[in-house]
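Accompanying notes for the structure given below.
The values are calculated or read from the model by the stated rules, or taken from the named source; none is laboratory data. All figures in this text were calculated on a predicted structure; none of them were measured in a lab. As a convention, Cβ positions derive from the backbone with ideal geometry for all residues, glycine included, and neighbour counts pool all protein chains shown.
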Amino acid sequence: MSNDAPDAPAAVTPEAIYDLRRRLDGYRPARVAAAPGWSRGVPLDYLGVLVEYWRTHYDWTVHEDRIRRLPWVIAGGEHKLRLVHQRVGAEAPTLVLLHGWPDSILRFDRILPELADVNLVIPALPGFPFALPLPDGGLGSVAMATLVGEALEDLGYPRYTLSAGDIGCDVAEALAAQRRAEVASLHVTDISQIHYLVNPPTDLSETELAYTRHGTDWQRREGGYMHEQATKPQTIAVPLSDSPVGLAAWILEKLHGWTDCGNDVESVFSRDELLTWISAYWFDGCIGTSFEPYTVGADMNWAPITAPTAATIFPKDLVNAPREFAERYFDIRWWREFDHGGHFAAFEHPADYLTGVRAALELAEQNQ
């Protein structure tokens, strides 16, 4: 990948870095009732250790330099996107990687070295870290899909494979519905929960009913963040945008709870990696705009996706659909369930994630 990236995100100013440290210096730990481990959210003793490391040892500029050296370009229609773009040539397949929440293009850091043989496009989704600002701040997943499609057309790619997780899966599904001739295949790690939360099918099998019951129970136990971000995003955006420690707690809880980390989040992320993911949201000031896909939602009343689809299922992901439910919405041609891994599979287990990517690229080649 080239180091020449004139369209890279702007460097964070020394003033912004000083302001972060000033706020960390003034951190006031919360008073809460005692609770074991992560049972009520982020343990305050661990959070304190992380904050102290952030304040005294972490150097954003080292990580920013690497990120800004990626081959960034700006492309699209009326509303353009900032993307990481690697062009190999007309004969190479084109792969589009779509991230989710609460992450960014950094989700794909560990698979990039293995993708030197493809034309690669990684959009910084609107409202998320490193993205170009939009007049209204953020967008829902369907509107994001429209902009991604326009950017791919602007870059000159008539056919491509999509690989996605989390909100990225919603964007991929919408794009595959909007541009059926262009989307040659898909690779997904999850099926949108919207499919069982909004107007679910009425002829569900016992396996599918068990899945929807599990999903409903997960929403009750773990979905509070989603309900707040969907219903009162401005209220929660205020403290998270004003307090870096509050932001760290909000994101850190998910990086721990959604990974297959054996209760040790630093077994998946180094301390610097945790803080780089969190700092990207802080310096971009984009946590509030990243809520927009939850607030807007998505009307998924399109016909089933016809592009051949590969699915990799990781056991510690949020709510894994059974294959028969997935087949209602996608043309599943390849399906693999792993015995390890979680929501950020491309980062947690890059080799396993890449098996799904390669399967989808093979499906695209067969789907000429």
If we scan region 258-270, do we find a residue that is closer than 18 Å to Ile287 by Cβ and out of contact with any Cys (no Cβ under 6 Å at 6 or more places or on another chain)? yes
Of all residues in region 17-60, count the ones that are within 25 Å of the chain's Cα centre (by Cα) and assigned to a loop (DSSP other than H, G, I, E, B). 8
Exactly one of Gly168, Gly149 is touching a residue at least 40 places away in the same chain (Cβ under 8 Å) and either touching a strand residue (DSSP E or B) at 6+ places or on another chain (Cβ under 6 Å) or in a helix (DSSP H, G or I) (or both), and that residue is Gly168
Residues Leu125, Leu70, Leu95: which one is aliphatic (A, V, I, L, M), within 29 Å of Asp190 (Cβ to Cβ) and outside any loop (DSSP other than H, G, I, E, B)? Leu95
Looking at region 340-357, can you tell me whether even one residue there is of a type in the set (S, T, N, Q), within 26 Å of Thr216 (Cα to Cα), touching a strand residue (DSSP E or B) at 6+ places or on another chain (Cβ under 9 Å) and outside any strand (DSSP E or B)? no
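Take region 181-200 and flag every residue that is in contact with a helix residue (DSSP H, G or I) (Cβ under 8 Å, 6 or more places away or on another chain) and either among the hydrophobic types (A, V, I, L, M, F, W, C) or farther than 14 Å from Phe330 by Cβ (or both).
Hits for region 181-200 are Glu182, Val183, Ala184, Leu186, Val188, Ile191, Gln193, Ile194, Tyr196, Leu197, Pro200.
Condition check ((1) charged (D, E, K, R); (2) under 26 Å from Arg66 (Cβ atoms); (3) assigned to a helix (DSSP H, G or I); (4) more than 18 Å from the chain's Cα centre (by Cα)) across all residues:
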| residue | (1), (2), (3), (4) |
| --- | --- |
| Met226 | no, no, yes, no |
| Gln229 | no, no, yes, no |
| Ala237 | no, no, yes, yes |
| Leu240 | no, yes, yes, yes |
| Glu266 | yes, yes, yes, yes |
Six or more apart or on different chains, Cβ atoms under 7 Å: show the pairs whose first residue is in region 292-307 and in a helix (DSSP H, G or I) and whose second is among the small types (Gly, Ala, Ser) and buried (at least 17 other Cβ atoms within 10 Å of the Cβ). Glu292/Gly127; Glu292/Gly138; Glu292/Gly140; Pro293/Gly140; Pro293/Ser141; Val296/Gly140
Of everything in region 61-98, what is modelled with pLDDT under 95 and closer than 27 Å to Leu139 by Cβ? Give them in sequence order. Gly77, Glu78, His79
If you take the residues of region 31-52 that are surrounded by 11 or more Cβ atoms within 10 Å (Cβ to Cβ) and of a type in the set (A, V, I, L, M), which of them is modelled with the lowest pLDDT? Ala35
Does any residue in region 232-260 that is under 30 Å from Phe338 (Cα atoms) come within less than 6 Å, Cβ to Cβ, of a residue that is surrounded by fewer than 20 Cβ atoms within 10 Å (Cβ to Cβ) and of a type in the set (D, E, K, R) six or more places away or on a different chain, and which pairs are these? Asp260/Lys316
I'd like to check something: does region 334-356 contain any residue that is modelled with pLDDT under 95, aliphatic (A, V, I, L, M), crowded, with 17+ Cβ neighbours inside 10 Å and touching a helix residue (DSSP H, G or I) at 6+ places or on another chain (Cβ under 6 Å)? no
